[in-house]
Amino acid sequence: MSTIHMSVAEFARQFGSLRSEQKKKPNKHHNCKVYVFEDGFVSETKDVEQHGNIVAQYDSKKEFMRHKELLLLQRAGKISELKTQVPMVVAEEFTDKDGKKHRAIVYRADFTYMRDGKEIVEDVKGLDKKTGKYQTTEGFRIKWKLLQAKYPEKIFELY
């Protein structure tokens, strides 16, 4: 009986990889991240070698398109002071009775801007095609309500 010796690379070419290919779990709401590169190229993949560093990142195509729309509205003078990924404190950090420290709970607004003298806090969410409602998690709904209670002077909108 003869023994056949082959490298790992030869084995993989002949028989495929020994490791089972782990498929990436799809996002909860089936959104695709969008990356904007130094050269202005926009892609759903991190192609850093070809296009340079990533200068902006969006959680979905809808969020990317909304940012472009808001930039146009700002240019037209309809809104002002447009900001992205603005941190807002939902609950301050604290130390409990046992001396354990708890970090602050922070929400990141997709966009904030001024419209008609009022500050708008906007979050972009996908729509469920069956129900026509925004796709939100329980955690998001709780934070959203707490923010509205803490900052009554701001207008909160879903897009």
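The values are calculated or read from the model by the stated rules, or taken from the named source; none is laboratory data. Note that the structure is predicted; figures quoted are calculated from it, not measured. A quick note on method: Cβ atoms are made from the backbone with ideal geometry, for glycine too, and the neighbour counts reach across all protein chains shown.
Residues in the range 118-159 that are under 22 Å from residue 58 (Cβ atoms), in contact (Cβ under 8 Å) with a residue 40 or more places away in the chain and aromatic (Phe, Trp, Tyr): 159 alone. All but one of (1) surrounded by 11 or more Cβ atoms within 10 Å (Cβ to Cβ); (2) at pLDDT 95 or above; (3) more than 18 Å from the chain's Cα centre (by Cα) hold for residue 51, so report the exception by its number. (2) is the only condition that residue 51 fails.
Meeting the requirement of 3 or more residues that are of a type in the set (Ser, Thr, Tyr), the strands (runs of 3 or more DSSP E) wholly within the range 86-159 are 105-115. Only one entry in 69, 81 is at positive phi, of a type in the set (Asp, Glu), under 24 Å from the mean Cα position of the chain (by Cα) and modelled with pLDDT of 95 or more, namely 81. When the residues of the range 114-159 are filtered to those that are surrounded by fewer than 15 Cβ atoms within 10 Å (Cβ to Cβ) and of a type in the set (Val, Ile, Thr), the one that is farthest from residue 104 (Cα to Cα) is 131.
Restricting to the range 85-123, name every residue that is among the β-branched types (Val, Ile, Thr) and either touching a Lys or Arg at 6+ places or on another chain (Cβ under 9 Å) or within 14 Å of residue 154 (Cα to Cα) (or both). Within the range 85-123, 86, 89, 90, 95, 105, 112, 120, 121 meet the criteria.
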